[in-house]
1. Quote to one decimal, in nm, the extra length available between B:I121 and B:K544 on full extension: 0.36 nm per residue of separation minus the C-alpha distance between them.
2. Taking amide H positions as placed 1.01 Å from N in the peptide plane, with prolines and chain starts having none, which residues 5 or more places from A:R118, or on another chain, fall under 5 Å of its amide H?
3. What angle, in degrees between 0 and 90 and rounded to the nearest 10, separates the Cα long axis of helix B:368-381 from the longest principal axis of the Cα atoms of chain B?
4. Taking the mean number of other Cβ atoms within 10 Å as a proxy for protection, how do you rank A:331-338, B:206-213 from highest to lowest?
5. Using a 7 Å offset from Cα along Cα-Cβ at B:A305, what residues in segment B:450-471 end up with backbone N under 16 Å from the label point?
6. If you count only protein heavy atoms with a 1.4 Å probe, what accessible area per residue comes out for segment A:119-191, rounded to a whole Å²?
7. Taking the label point 7 Å from Cα in the Cβ direction, how far apart in nm is A:I533 from each other copy of itself, listed shortest first?
8. To the nearest 10 square angstrom, how much accessible area does B:K66 have with a 1.4 angstrom probe?
There are 2 protein chains.
Amino acid sequence: MPTLRLALCQVNPTVGDIAGNADVVRSWTRKAADAGAQLVLFPEMMLTGYPVEDLVFRRSFVAASKAALHRLAADLAADGLGELPVLVGYLDADGPPQVSGDAQPGKGARNAAALLHRGAIVATYFKHHLPNYGVFDEDRYFVSGNTLTVVRIGGVDVALTICEDLWQAGGPFAVARQAGVGLVLNINGSPYELNKDDIRLPLVRRRAGEAGATVAYVNMVGGQDELVFDGDSMIVNAEGTLLARAPQFVEHLLVHDVDLPPAKEPVDGDEELADGMRVVRTKVSDILPAPTGDVAVGGIIEPVADEAEVWQALVLGLRDYVNKNRFPSVVLGLSGGIDSAVSAAIAVDALGPDRVVGVSLPSQHSSEHSRADAEDLAKRTGLDYRIQPIQPMVDAYLANMSLAGVAVENLQARVRGVVLMALSNQEGPLVLTTGNKSELAVGYSTLYGDSVGGYNPVKDVWKTLIWRLAKWRNADAEHRGETSPIPESSIGKAPSAELSPGQLDSDTLPDYDVLDPILIGYVDGDLGRDGLIASGHDPEIVDKVLRMVDTAEYKRRQSAPGTKISHKAFGRDRRLPITNRWREHG
Amino acid sequence: MPTLRLALCQVNPTVGDIAGNADVVRSWTRKAADAGAQLVLFPEMMLTGYPVEDLVFRRSFVAASKAALHRLAADLAADGLGELPVLVGYLDADGPPQVSGDAQPGKGARNAAALLHRGAIVATYFKHHLPNYGVFDEDRYFVSGNTLTVVRIGGVDVALTICEDLWQAGGPFAVARQAGVGLVLNINGSPYELNKDDIRLPLVRRRAGEAGATVAYVNMVGGQDELVFDGDSMIVNAEGTLLARAPQFVEHLLVHDVDLPPAKEPVDGDEELADGMRVVRTKVSDILPAPTGDVAVGGIIEPVADEAEVWQALVLGLRDYVNKNRFPSVVLGLSGGIDSAVSAAIAVDALGPDRVVGVSLPSQHSSEHSRADAEDLAKRTGLDYRIQPIQPMVDAYLANMSLAGVAVENLQARVRGVVLMALSNQEGPLVLTTGNKSELAVGYSTLYGDSVGGYNPVKDVWKTLIWRLAKWRNADAEHRGETSPIPESSIGKAPSAELSPGQLDSDTLPDYDVLDPILIGYVDGDLGRDGLIASGHDPEIVDKVLRMVDTAEYKRRQSAPGTKISHKAFGRDRRLPITNRWREHG
């Protein structure tokens, strides 16, 4: 029975940085070769990064991806790595991609994988199942492939697949069984969700059974705007046994020897098999030299606690947003409350204390403990702490305008926003905003006030989870004999916006223990009013909460809409990544 | 040859206002009946409004649409209108719609049309071609229909189709020819683009030829967030002759008598025809009483000048955003410049002068003519004019912080934003922001400064078009013997942000006559650097402009991204209309 030493390169590509991503492939292929690998896998859309959104419609971008693929094949050979087959995701197109638009859908591009060997592209595969739900819009961008590519490597027949091909039954995995392959490679850009790792393993097992073959699943890591990719690469054999599994949220080279059945079918042209898919077979090598040295064992990483998993996701997401967009540092307001404290701790874990500026922005309504807790947080984390009282600025507005009530409350939050943006302009840091998901859902925030900022580390974290994260992070620090970053007082105190005397969140909102389950049902679960009440929630509170959520939609979409009159207005019909190193100009 | 009197109801539904939209159907069916109509058509998704985006995933919303359809059929009969066949768009679903998500695509919903007659739903049709490009994401929301519905009305065979069915060759129109129908109804939610009317007519002609039948095309009017629907309903016969055409941007009842061939095929069950589509035939009525009174002639509206068309689109888009979201009024800063002057004139045309507050916000860098031009604009339009100097507030920041350069420039714009938002909180108006598309493209604006606002009337208008619009609007007023709204001085002066002494746009940007063609090529045309240079642009200027556009992406997406950790983060995977009257709560 042949043995193949697989190297799954769980790496962190950057959208648009085609040259940089190609360099990552070269350096990690070197590492894989040093570990004796016989077949190397990189993630989906490795060369371009993922997702590239409407960059797909730029001919120059597609052309750059294709040119880089050819150059990469040559460079790997020049590096002395040409004998090692390398599978890499890239953006392809049948011809020049169409410009999208009415009556002229933007079709023609391919979410593709190429096998590089001896300086050439010896096989390509086009993704068959295109996801078009949740965060995915691949029907907008790509044409489905209808061919299963099978390559013979070391006498083993190996099928190529991409991401969603794994998530839907039928298609490539079913065809792989008919084609009699021993190994299916599945390259991914699969974004993190809490507990998704608990879904992935059974899914890989199911497909391995469907294909009757070992499955090697490699996923990228890293942040891309709202998305964070968590890795979790793994190898599962045809019987469903987990052979190796990489950790989440870190780059990792997973090298593992896999026993595989020898190829049975002749390599002779195309066949038409199930689901209208064709099979195309290519011979790369019949025999490979046996792997050198000891047997390679990739090891199996055990899952971590939910709080640890989320914390790592938030840290990586923020770090990559800041670094990939080349911000030198971040600045955030420190109110002494739990949201800014947790955000600051995430920022310090992501960037180190020297790249985090925390500003206390007291007004006349700020309590003594607010300032003390902010200062305590700064001491615990070592971040760059400043104090900038806002009352003189607030007073200048009050002296020159006739304002009362909520206008005065919001004024304070907006002055804080102006101060933080002025610091950002003056010194360069990215402003972080720190509203949690519960606040965002019900609109309990000030538009252009505390919502000012370029990134929100806790945007998708319900308030009750904020508290759990804080407690976990402190306990984890204590467990490791380190200083816990978050002041106990910030965790224990009653939440308050401190925009009017004695104000508490509970004046306006139900307790978060009551609020969050309703929001989770309504927002995450798409339950209606009746469904929420049937799950046991108080009808009066349900109505109150739903009213707030329904009317807060505008605050969640700050960027002002405006009437579209052209083929490509900014907004709905022009969707580009923010984090994007692609540059047309010289 | 039978004659059918068609009534095309070019109306303005509101997303989520299912009861209100049903009322519109009842009142317009009454008008159509009064005009002797024998068949009445309403737009795509009439009952729910369009597009409803992720509301599709709410079971309660789908259930409400279906229930409203049944109620509407009964109500029309109770109104004494039951004999009149009425075609209405609505949201259907085979079963309870799936919640969208990984490995569980949100499928099952239908973009549907129903024919109501004698208190019942006598036929339904599910949209076949689903657009998934530009502003459309219908593969995310709907399943394709594969049945062509043919109804016999007054002895004529009539096929039902929806919007995109018209824009793609093959499918329903080809099948309609095989089915031998005399009339194809096509109901639309087709958003406006400049000159789209010039594309629509040839397209309707082509499909009429393809079907060998008369085509009745009805489109909605009205604003929905960034989209504005322009109507332009029409009837074209099988030979391609335009029989009747409604005006753009206004509600309109287009009633026209059409001679149609008598049905040839027997009404006997299903047939399988081209493209795998089935045909289902239903008899509504063999004979109708002849239309009463004079022959109905809908008339043919001639196209208007581009500037008039765009102006009407901008006015309607703003009016509906404000009114459908129930804002009492709008407020905007008046700098004396052309962008705010044009925006104010649009606002006054949309809402009347009593609902528009214009605020001059002078700083120490504001020129005398800025204030004079703002005042002149206010006098010409009759809007509610205020003056709020900002220097005291600016000075309060400068006295308490160490700021210089761009931080000081931006500070002034941000103080203006805070003042406008304070007025909004105090008095209730929606803040309008007025950055033109050229500025937005190159990022020539202050984040959280002049970009503050809930709606931007000129978001999609290039600067050179802003000037053309201003001149056209003034000339049009003079032509009608009215006061021209926009001061000549605002049109003629050199553009300036007035944030530092003597500052001009041309210090930073190429002349707009040079800039706009490059931006149009890059943004609207997806041309790359090489393509732009090949079209004759100066390489150095191209590089400068592209650098600005590529780095301004973040400003165009103000709402802060944050790491997604859940199944439904706010943002990419939860897409809801802002203008949305749907309310779950009691």
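The values are calculated or read from the model by the stated rules, or taken from the named source; none is laboratory data. Everything numeric here is computed off the predicted structure, so don't read it as measured data. So basically every Cβ, Gly included, is an ideal-geometry build from the backbone, and we count neighbours across all protein chains shown. To get the accessible areas, we keep the full protein, side chains included, count just its heavy atoms, and leave off ligands, DNA and RNA. Shrake-Rupley method; radii C 1.70, N 1.55, O 1.52, S 1.80 Å.
1. 146.3 nm
2. Counting only residues 5 or more places away or on other chains, the set is A:E83, A:L84.
3. Relative to chain B, helix B:368-381 is tipped by roughly 30 degrees.
4. Ranked from most to least packed, the peptides come out as A:331-338, B:206-213.
5. Of the residues in segment B:450-471, B:465-471 have backbone N under 16 Å from the label point off B:A305.
6. I get 17 Å² per residue for segment A:119-191.
7. Label point to label point, same position, other copies: 6.7 nm.
8. 70
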